[in-house]
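Written below as structure tokens is the structure these notes are about.
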Amino acid sequence: MPIDQRKATDIFDDVYTLAYWMTKSLEETHELFRKTYQKAGSDAAEIDVFKAFREAYFEMYEINESSRVEAASPIDQALFILRRQDADRKFSVLLSDTCGIRYRTIAKITGNPLSMIRLWLSNGRKWLLNSMIMLFSMINLDQNTKESLLLLPI
């Protein structure tokens, strides 16, 4: 089935995988998955499900617009913007690499310009790879294990 024609029930696996990679916790993954489908409904189009996912994620981690209003000081405002951009960058990379979503569609989902998505995907992949390398260097794994883990899709 073409990616643009998939419905909410066709992408359960993609949404669950996204939720896990975004939260790194099974409990939070279940909660985010539930909130996503509660917002989107089971008949929603794929793009609407991913928009609902993003909204639910921002609500769970208090980086939605209502949290921005509560952040009164300029430092709090800057931190809010950085947290939101970081979440969108990670979300964009995962949408592209794990779900196969096109750049233009990611721009529609996140509400960001296409040029920003391209930049995030380029820098985001490098950032994820560097963070994986740093993690592997901190834990005691043999070289073959490290190399095989680097070949896993991120």
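Each value in this text was obtained by applying a stated rule to the coordinates, not by laboratory testing. Because the structure is predicted, anything quoted here is derived from the model rather than measured. Neighbour counts are summed over all protein chains in view; Cβ atoms, including those assigned to glycine, are modelled from backbone coordinates with ideal geometry.
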Nitroxide proxy distance, nm - points 7 Å out along Cα→Cβ at LYS7 and ALA78: 4.9
Computed lengthening from ASP48 to ARG118, 0.36 nm per intervening residue step minus Cα-Cα distance: 23.1 nm
Please compute the Kirkwood hydrodynamic radius of the stretch 3-121 from all pairs of different C-alpha atoms, in Å with one decimal. 14.6
Multiplying the sequence separation of THR17 and HIS30 by 0.36 nm and subtracting their Cα-Cα distance, what value in nm do you get? 3.6 nm
Under 5 Å between amide hydrogens, which residues at least 5 positions from ILE63 or on another chain qualify, with H placed 1.01 Å from N in the peptide plane? none
Spread of Cα-to-Cα distances over 10 Å intervals beginning at zero, given as percent, for the stretch 12-59: 32, 60, 8
